[in-house]
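Below: the structure, in structure tokens.
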Amino acid sequence: MCSTIVVASTIAANRSATNDNPYEQPAQPMKFSLGQAAKETGLDKSTISRAIKSGRLSAQRKDNGGGYEIDPAELFRVFTPAPKAQASPSPVGASTDVLLENRELRIKLEAAEAHIRDKDEEVYDLRRRLDLEGEERRKLTMMLLAHHPQEQPTGNDKSQSVTVDHQPALQPSEQRPATGAATPKKSTVWAWLTGTR
């Protein structure tokens with residue numbers, strides 16, 4: 001039925017063009033591209049292309065060489081047109097179900113957002129407490145260092161403290177020899193190799 005409407009409209013357009021103005025070219029009949037033909041039949045472009053290549057469906061190459069021009073009557077001779085989807089009104093019961101589901105989802109969303117707000121406040125409170133405790137710890141450390149200036153924590157172990165001697169440094173000529181340290185012995189392997197043992 002669809003193909004007869006297209007053909008009838010094409011013939012009517014040709015008649016009106018020739019009757020009104022004899023010098024005017026008759027209107028070209030509508031042709032489908034490969035994509036449009038696929039849409040009209042509800043098939044893939046590859047299916048239509050295979051039908052053209054096998055000779056089941058006749059089509060003309062476009063003038064610029066890119067694609068095909070398919071006559072609608074020829075297309076619907078080989079393939080049936082795709083059924084047109086009619087917009088049917090949704091049943092009333094379905095809309096109330098959707099409204100109830102939306103309301104339920106909104107309530108869950110509000111509860112989740114309130115839970116996230118509570119967690120954010122808890123994180124903020126914990127960070128504030130941690131900062132206050134760190135500041136208090138720094139103040140106490142400064143107070144302890146002010147009362148005991150000779151003790152300074154080392155970099156390796158903060159629990160140990162080191163006392164600082166306030167003795168003057170010795171000049172190189174005044175340096176004392178190490179007690180209990182003897183001159184290093186010659187290696188016994190070297191002595192054995194050289195025979196000086």
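The values are calculated or read from the model by the stated rules, or taken from the named source; none is laboratory data. Just so we're clear, the structure is a prediction, and the values are computed from it rather than from any experiment. Cβ atoms come from the backbone with ideal geometry, glycine included; neighbour counts cover every protein chain shown.
What to note about this one:
- Residues in the stretch 54-81 that are over 12 Å from F32 (Cβ atoms) and among the β-branched types (V, I, T) were compared, and the one that is surrounded by the fewest Cβ atoms within 10 Å (Cβ to Cβ) is T80.
- Residue count, the stretch 108-148 (criterion: within 29 Å of the chain's Cα centre (by Cα) and aliphatic (A, V, I, L, M)): 6
- Whenever a residue of the stretch 78-101 is at pLDDT 65 or above, its partners that are among the β-branched types (V, I, T) and surrounded by 10 or more Cβ atoms within 10 Å (Cβ to Cβ), lying with C-beta atoms within less than 8 angstrom and at least six residues away or across chains, give the pairs F79/T41; F79/I48; T80/T41; P81/T41; A82/T41.
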